[in-house]
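The values are calculated or read from the model by the stated rules, or taken from the named source; none is laboratory data. Computed from a predicted model, the values in this text were never measured in an experiment. Cβ atoms come from the backbone with ideal geometry, glycine included; neighbour counts cover every protein chain shown.
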Amino acid sequence: MNALLPRPSILTIEPYVGGESKLPGVNRIIKLSSNEGAFGPPPSAQEAIIAAAREAHRYPDGGATRLREAIGTRFGLDPARIVCGNGSDELIAYLILAYGGEGTELVMPAHGFVMYDLTGRYAGCRVIKVPERNLMADVDAMLAAVGPRTKLVCLVNPNNPTGALLPRSEVQRLRAGLRDDILLILDAAYAEYVTDPDYDPGNALVDASGNTVMTRTFSKIYGLGGLRLGWAYMPPQVADVLARIRGPFNVNSAAMAAGIAAVSEPGWIERSVAHNEEWRAKLSEGLRALGIKVWPSACNFILADFGDAERAKAADASLRARGIIVRAVGGYALPTCLRITIGTAEECTLVQEGLAAFVQNGG
Ligand SMILES: *Cc1c(COP(=O)(O)O)cnc(C)c1O
């Protein structure tokens, strides 16, 4: 008998574990484990989803034309070079499968987003995780790790789960040091939260180079993670590749309607960013006052560092006992840390109180 087996690299993948959302015996859960926007979906997006229900028997627009136009208008980009996806994860997978594969290498920072590792293995790439410096991607080390088989370099900026923002000049230096036949994926899932005026989520670099793609998502600041909607901005020749391989109806009509409404919701980003700045600072300062190290973050989460893995585990357990779920990041080689999403004012206050009690009780 011949056993049915997938390609060998598939069995090296550990299935992705998302942020948890339930605790046994707890009614009211404070879920701060997946970086979902603090305010939920914009009201206009909720209305659009309801309206889309009446047309649910119709196939969606396979070209996502109105959505791409709305995104292009909102962010000042050419809609012809935007491709939408069932979450940005789908677009990332298409890119890695199209440009990577058996016999190639994918280079990423050691504490970069885990989906690049999982999808790289799926494609058959050898995934090279490059050590970081002080939880910041090390451009020199990444360039040194690139070899003749390297086809993909993946950088999340600002990074999940560290929150680190790599300066624009460093991202440019990374691109400039890569061969032209290497695709640089710049994942800007948290772009809307960044307030540093020097930041380029990828718009400028995609335009300046023929081999860089920027990916974005509606799952974070726009609070639409449940509908699965992402997009990417890319050179025309990469858009042509995705047009050949993506599912013809990969984005559903409710997601498209919600996305169009969300990018047009007046003041949504401003309000979300103002809230995030205020409460990220308050929670960071509050935890530091308790003696907990907090890494600098440009995102809607903070990385709290408890110094050792046992203490991080105990802190996680004590928050859970209060119904608060944050994210353990041992899978990102950060076992001493917990990643905490910036939720509502009340949720942030409950985290602060929970960790204060943890420290006061000798934790
Ligand atoms: C949340 C996140 C995404 C978003 O993925 P979607 O598939 O669009 O929900 C992508 N990249 C990073 C780094 C993220 O943190």
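Residues of segment 27-43 that are away from the ligand (no atom under 16 Å from the Cβ) and buried (at least 18 other Cβ atoms within 10 Å of the Cβ): Ile30, Pro42.
Taking the criterion of being under 17 Å from Arg179 (Cβ atoms) and of a type in the set (A, V, I, L, M), the residues of segment 109-140 that qualify are Ile128, Val130, Val139.
Checked against the criteria, Gly103 does not count as modelled with pLDDT of 95 or more, in contact with a Gly (Cβ under 6 Å, 6 or more places away or on another chain) and more than 22 Å from Ala164 (Cβ to Cβ). Scanning for something β-branched (Val, Ile, Thr), touching a helix residue (DSSP H, G or I) at 6+ places or on another chain (Cβ under 6 Å) and not in a strand (DSSP E or B), does segment 96-109 turn up at least one residue? Within segment 96-109, one or more residues are β-branched (Val, Ile, Thr), touching a helix residue (DSSP H, G or I) at 6+ places or on another chain (Cβ under 6 Å) and not in a strand (DSSP E or B).
For Thr73, indicate whether it is surrounded by fewer than 18 Cβ atoms within 10 Å (Cβ to Cβ), among the polar types (S, T, N, Q), out of contact with any Pro (no Cβ under 8 Å at 6 or more places or on another chain) and within 30 Å of Gly226 (Cβ to Cβ). Lay out the reasoning, then the answer.
Details: surrounded by fewer than 18 Cβ atoms within 10 Å (Cβ to Cβ): yes; among the polar types (S, T, N, Q): yes; out of contact with any Pro (no Cβ under 8 Å at 6 or more places or on another chain): yes; within 30 Å of Gly226 (Cβ to Cβ): yes.
When the stated conditions are applied, Thr73 passes them.
Set side by side, the residues Gly101, Gly62, Gly124 differ, and just one is on the phi > 0 side of the Ramachandran plot, over 20 Å from the mean Cα position of the chain (by Cα), surrounded by fewer than 17 Cβ atoms within 10 Å (Cβ to Cβ) and away from the ligand (no atom under 16 Å from the Cβ), which is Gly101.
Among residues belonging to segment 189-199 that are part of a loop (DSSP other than H, G, I, E, B) and surrounded by 20 or more Cβ atoms within 10 Å (Cβ to Cβ), point out the one that is farthest from the ligand (Cβ to nearest atom). Before you say what the answer is, go through the steps one by one.
If we filter segment 189-199 for residues that are part of a loop (DSSP other than H, G, I, E, B), which is where we start, we get 189-190, 194-199.
Now narrow it down to the ones that are surrounded by 20 or more Cβ atoms within 10 Å (Cβ to Cβ): 189-190.
On the way: Ala189: 4, Tyr190: 7 Å.
In this case the residue turns out to be Tyr190.
Among the candidates Arg327, Arg339, Arg311, single out the residue that is farther than 25 Å from Pro158 by Cα and modelled with pLDDT of 95 or more. Just one listed residue meets the conditions, Arg311. Taking every residue in segment 143-156 that is more than 10 Å from Ile128 (Cα to Cα) and at pLDDT 95 or above and pairing it with any residue that is assigned to a strand (DSSP E or B) and not polar (S, T, N, Q), at least 6 positions away or on another chain, the pairs with Cβ-Cβ distances below 6 Å are Arg149/Glu105; Leu152/Leu106; Leu152/Leu183; Cys154/Met108; Cys154/Ile185; Leu155/Leu186; Val156/Asp187. Given the criteria within 14 Å of the ligand (Cβ to nearest atom) and small (Gly, Ala, Ser), does Ala110 qualify? Spelling it out, it is not the case that Ala110 is within 14 Å of the ligand (Cβ to nearest atom) and small (Gly, Ala, Ser).
Is one or more of the residues making up segment 125-132 touching a residue at least 24 places away in the same chain (Cβ under 8 Å), assigned by the TED database to the domain that holds Ala254 and in contact with a Leu (Cβ under 9 Å, 6 or more places away or on another chain)? Yes, some residue in segment 125-132 is touching a residue at least 24 places away in the same chain (Cβ under 8 Å), assigned by the TED database to the domain that holds Ala254 and in contact with a Leu (Cβ under 9 Å, 6 or more places away or on another chain).
Take Leu152 and tell me if it is hydrophobic (A, V, I, L, M, F, W, C), surrounded by fewer than 23 Cβ atoms within 10 Å (Cβ to Cβ) and within 24 Å of Asn86 (Cβ to Cβ). The answer is no for Leu152. All conditions but one from (1) more than 14 Å from Ala232 (Cα to Cα); (2) among the polar types (S, T, N, Q); (3) more than 12 Å from the ligand (Cβ to nearest atom) apply to Thr162; the one that does not is (3).
Any idea how many residues of segment 315-327 are assigned to a helix (DSSP H, G or I) and crowded, with 16+ Cβ neighbours inside 10 Å?
Of the residues in segment 315-327, 5 are assigned to a helix (DSSP H, G or I) and crowded, with 16+ Cβ neighbours inside 10 Å.
So which of Ile96, Ile182 is hydrophobic (A, V, I, L, M, F, W, C) and either out of contact with any Ser or Thr (no Cβ under 7 Å at 6 or more places or on another chain) or surrounded by 24 or more Cβ atoms within 10 Å (Cβ to Cβ) (or both)?
Ile96
Of all residues in segment 1-40, those that are more than 24 Å from Met115 (Cα to Cα) and part of a loop (DSSP other than H, G, I, E, B) total 12.
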